[in-house]
Structures are given as C-alpha cells and as structure tokens.
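Below is one structure, written out as structure tokens, with a few remarks after it.
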Amino acid sequence: MPEYRKKPVVIDAIQWTGQNADEVLAFTGSAARLESADCHGDGPPYLVAINTLEGRMVAGRDDWIIRGVQGEFYPCKSDIFEATYERVADDERTDSVSEVRGDEAP
C-alpha cells in the first residue's frame, strides 16, 4: 500500500483567547461571528462560530482558527494545533498559504 506525507505548508492562524474578538473577526472576515456562550464560571461570554467547507463549526476559548490553503477557515483544538504546527520565523516563510493560493502575502 502506498504511503503519503502531508506537504509542508505555512498557515496563518490566530488563537481565540476570549479577549481578542476584534483580532479574530478581522482575521476571519465574514467567515466567522461571535455567538453567546452558556457561560458558567470564568469562560468568555462568546464562542466564535465559523462557516467552514464542512458547515458551521465553533471555536471555544484557547482554540486556534486556521486559514487553509484555499482561504477557508476552520477551528483546531489547542493540543492538536501544538502537536501539528510549529511557529515559523519570518525569514523562513517561503511556502506560505498566500503563495500556494497565488495571492500576495500579507
């Protein structure tokens, strides 16, 4: 059986902290909106609802929101993000999502 390796692509992402709504909404544009959360205790009063290619998904506090290679957005749990991605230094950004999509890098 053939094996396949995921191609290395640099992605853009932002972490929803519960305190950075303006940044998250600026990053996602019309693909996301804030929704009231059933808040008991110290959680943020809002969740981020994201329209993904698979339908509506929700990002909770500490989840990451990723912009994919086709410009789509989707949430990712923090532990999965940390196991899958590592931060790229500015001078290493050669295969960014923007370059894969063919548009200009931010």
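What follows is calculated from the coordinates using simple rules that are stated; it is not laboratory data. Owing to the predicted nature of the structure, the values given are computational and were not obtained by experimental measurement. Note that each Cβ is placed from the backbone with ideal geometry, even for glycine, and that neighbours are counted across all protein chains shown.
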> Tell me, in nm to one decimal, what length is gained between TYR85 and GLU23 on full extension, where the rule is 0.36 nm per residue of separation less the Cα-Cα distance?
Replying inline: 20.3 nm
> Using modelled amide H (1.01 Å from N, peptide plane; none on Pro or chain starts), what sits under 5 Å from the amide H of GLY18, excluding residues fewer than 5 places away?
Replying inline: ASP62
> What net charge is computed for the residues neighbouring PHE27, neighbours being all others with C-beta under 14 Å from the C-beta of PHE27, Lys and Arg scored +1, Asp and Glu -1?
Replying inline: -3
> If you stretched the chain out fully between ASP12 and ARG33, how much longer would it get, using 0.36 nm times the residue separation minus the C-alpha to C-alpha distance?
Replying inline: 5.7 nm
> Which Rg and Dmax, in Å, describe the Cα atoms of the stretch 12-89?
Replying inline: 12.2, 38
